[in-house]
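Trainee: Sharing a structure here in structure tokens format.
The values are calculated or read from the model by the stated rules, or taken from the named source; none is laboratory data. Quantities reported herein were computed from a predicted structural model and do not represent experimental measurements. Cβ: placed from backbone, ideal geometry, glycine included. Neighbour counts: every protein chain shown.
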Amino acid sequence: MRRFDGQPVNRDTLSRMAATLHHRGPDAMGLWLDGPVGLAHTRLSIIDLQGSQQPMTSASGHQHLVFNGEILNYRELRYELSSYPFATHGDSETLLALYDKYGPAGVDRLRGQFAYAIYDADSGDIHLFRDRLGILPLYYYADRTFFAFASEIKALLPVIDAPSVDDDSLHDYLAQRAVSAPHTLIKGVRKLAPGHHLVVTRDGAVSVSEYWELAPGPSRRRVTPSEAIDLVERALKTSVHENLVADVPVGVYLSGGVDSSLLTAMTRRENPGRVLHTFGASFGDERYDETVWARKVAELNGTIHHDVVVTADDFLNNWGKLSWHRDGPISEPADVAVFRLAQLAREQVKVVLSGEGSDELFAGYPKYKFAGATRWLGAIPTWGALDRVERALPASKSRMRIAVRAMGEDKYDERLRAWFAPFTMAERDQLTGRRSPRGAPAAYSRGRGDALRRMLFADTCVWLADNLLERGDRMSMAASLETRPPFLDYRLVDLAFDLPSSVKIREGKTKWVLKQVAHRYLPAEVVDRPKVGFKVPLDRWFRHGLRDMAFDLLTGPSSYVGNRLDKGMVAGLLSDHSNGVRDEEARIWALLSLEVWHREFVVRAI
């Protein structure tokens, strides 16, 4: 925190901000104050368990650090910076040594996941950095008298007088189930975008610049399919090796799908003699149960496997609490299941590897087969035909409805966004009673190259960064567990976007190149079976255990959704779903999550 009015930072306020983040760092808490500047840190000890306490001061005494994350190449960097008088054995001090030698440009040398701040007493500047893909979060709030930053929005609430919903961001949430950087759902709070560096000066000037970007241009690498397989395997093996850097045991999330099964097999080969714990979840619904496959992979790799069954009661009991942890609506039903999975894992380990990012890099979702149609359909007049088709589809055709709705948007960027959108542009305008001055995030129009690459670029920059990674961070940290996604080593990401689309969707198969890598580690029956995904049986739960709650929360007299959004549209969605006319689970979930979050986060904070 930095004050601009000459007043000192209040210790009690800083302590309350830090206490809000106890779940992120239950092992230690530290404060450092010097007049108008104050830093606080809560620690989850992963590397250099007894040392590396924060806030940390440089050898010169002029720079001060708070850091969240892991620098996976810290040993290599410490060797390179051997002239620096290191006082600890961990990765945190590496950031001060890099700044001492290279200044802010030192961030370019980092591999890992991180959000950190350095206060430079010589210049009076505070520097904030966020990792390239946005694995770890970083938020800030500023007015004329102070600048405050934190890993979660809730830690900023002690310095915000009366938090309120940003209406433009509400429109964005209804479009993509999350709000893209630099915006958030709380008015005045900003999210530092992935790969960005922020500087705030002693007089209050704030500037933001990009130090890394995912290349928007077309793929240029020319490789044969077999060469592509070898390249991906080498890059992923390197990433898995580095992601196992820790002074505590590391486990793996194992669903039985290709991504988690491959990570499990590679992890086992990296550490053949060590005990390896794997963790999976199921929902007590035979349609989406992959438990048998997870256990098969665990047996093949000699892991100690743990399962948790997630029920409708888990949702009811945890929804409010996790909305508080998420700093926003629970955008995916799977969020609650990920939390229960994290709770299970935390009983055995402090760190788990996760398969996040693979689908967006290598085209794993079924929708990617329709990338070409998504790009070009807008050039063909449909005169409302798609809208009529969508309304006529029965409840059993929910996936087809998503496709038809996406294809029905007029603009290409909105068609890209609509694949994950609960509501179309016209529906959002009707629901909110206004048009948003913001269009789709720039990533939906910046991508270049063929249609598949453009879709993957947009999903990596928006859907992955602002939804899935945010979900992974919050739900794991709610259980004081660190999650690491090896697929998001930036070198592997750069490689993936430099490969031709023909090795991603090939012979009618999605994620072809990665599946060929998986064939080198796993039996064909695991690799080639149909994709199930982390699917929660909300269709049944909403019609039974959650039905009454949905009606009460969304139509009651104190409902934020009922009073802020179009009542007729909301009632129609509930009625159609309850009667089985249409499957509206995704849209009802989006509205319910908004309502629960508003009650738990906004109303509670006022």
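Trainee: Within region 336-346, does at least one residue satisfy the condition of being buried (at least 19 other Cβ atoms within 10 Å of the Cβ), in contact with a Gly (Cβ under 6 Å, 6 or more places away or on another chain) and either of a type outside the set (A, V, I, L, M) or assigned by TED's automatic domain parsing to the domain that holds Leu236 (or both)?
Mentor: Yes: one or more hits.
Trainee: Going through region 2-30 one residue at a time, which ones are in contact (Cβ under 8 Å) with a residue 24 or more places away in the chain, touching a helix residue (DSSP H, G or I) at 6+ places or on another chain (Cβ under 6 Å) and either among the aliphatic types (A, V, I, L, M) or not assigned by TED's automatic domain parsing to the domain that holds Ile153 (or both)?
Mentor: Hits for region 2-30 are Met17, Leu21.
Trainee: Sticking with this structure for a sec: Is it true that Glu270 is more than 18 Å from Leu514 (Cα to Cα) and in the same structural domain as Thr303 (by TED's automatic domain parsing)? Explain how you work it out, then say what you get.
Mentor: Values: more than 18 Å from Leu514 (Cα to Cα): yes; in the same structural domain as Thr303 (by TED's automatic domain parsing): yes.
So Glu270 passes the test.
Trainee: Moving to a separate point now. Go through region 52-81 and report how many residues are farther than 25 Å from Asp489 by Cβ, modelled with pLDDT under 95 and among the small types (Gly, Ala, Ser).
Mentor: 0
Trainee: Please go through region 171-227 and give me each residue that is basic (Lys, Arg) and assigned to a strand (DSSP E or B), ordered by number. Full working, then the answer.
Mentor: To start, the set of residues in region 171-227 that are basic (Lys, Arg) comprises 177, 187, 190-191, 202, 220-222.
Listed by number, the residues that qualify are Arg190, Lys191.
Trainee: Can you give me the number of residues within region 20-50 that are under 29 Å from Ala246 (Cβ atoms), among the small types (Gly, Ala, Ser) and more than 23 Å from the chain's Cα centre (by Cα)? Give the steps one after another, and end with the answer.
Mentor: First, pick out the residues of region 20-50 that are under 29 Å from Ala246 (Cβ atoms): 20-32, 39-50.
When the remaining residues are screened for being among the small types (Gly, Ala, Ser), the result is 25, 28, 30, 40, 45.
If we keep only those that are more than 23 Å from the chain's Cα centre (by Cα) too, we end up with 28, 30, 40.
Total meeting the criteria: 3.
Trainee: Further question on the same structure: Suppose the filter is touching a His at 6+ places or on another chain (Cβ under 8 Å), of a type in the set (Ser, Thr, Tyr) and farther than 20 Å from Leu263 by Cβ; does Ser480 pass it? Spell out how you get there, then give the answer.
Mentor: Numbers: touching a His at 6+ places or on another chain (Cβ under 8 Å): yes; of a type in the set (Ser, Thr, Tyr): yes; farther than 20 Å from Leu263 by Cβ: yes.
So Ser480 fits the description; yes.
Trainee: Would you please name the residue that is farthest from Arg177 (Cα to Cα), looking only at residues in region 353-379 that are surrounded by fewer than 24 Cβ atoms within 10 Å (Cβ to Cβ) and among the aliphatic types (A, V, I, L, M)?
Mentor: Applying the filter and picking the extreme gives Ala379.
Trainee: Of the residues Leu174, Leu157, which is modelled with pLDDT of 95 or more and either surrounded by fewer than 23 Cβ atoms within 10 Å (Cβ to Cβ) or within 20 Å of Leu31 (Cβ to Cβ) (or both)? Full working, then the answer.
Mentor: Values: Leu174 fails: either surrounded by fewer than 23 Cβ atoms within 10 Å (Cβ to Cβ) or within 20 Å of Leu31 (Cβ to Cβ) (or both).
The unique qualifying residue is Leu157.
Trainee: So if I check each of Ala294, Ala298, Ala205, which one is without any contact (Cβ under 8 Å) to a residue 60 or more places away in the chain, of a type in the set (A, V, I, L, M) and in the same structural domain as His89 (by TED's automatic domain parsing)?
Mentor: Just a single option satisfies the conditions, and that option is Ala205.
Trainee: What helices (runs of 4 or more DSSP H), lying completely within region 312-395, carry at least 2 residues that are modelled with pLDDT under 95 and under 19 Å from the mean Cα position of the chain (by Cα)?
Mentor: Values: elements: 312-326, 334-346, 358-362, 371-376, 385-392.
Helices (runs of 4 or more DSSP H) meeting the threshold: 312-326, 334-346.
Trainee: How many residues, within region 572-599, are touching a Lys or Arg at 6+ places or on another chain (Cβ under 9 Å) and either among the hydroxyl-bearing types (Ser, Thr, Tyr) or outside the structural domain of Leu554 (by TED's automatic domain parsing) (or both)?
Mentor: Qualifying residue count for the region: 2.
Trainee: If Ala440 satisfies every condition in (1) in the same structural domain as Leu322 (by TED's automatic domain parsing); (2) crowded, with 19+ Cβ neighbours inside 10 Å; (3) at pLDDT below 95 but one, which is the exception?
Mentor: Answer for Ala440: the failing condition is (1).
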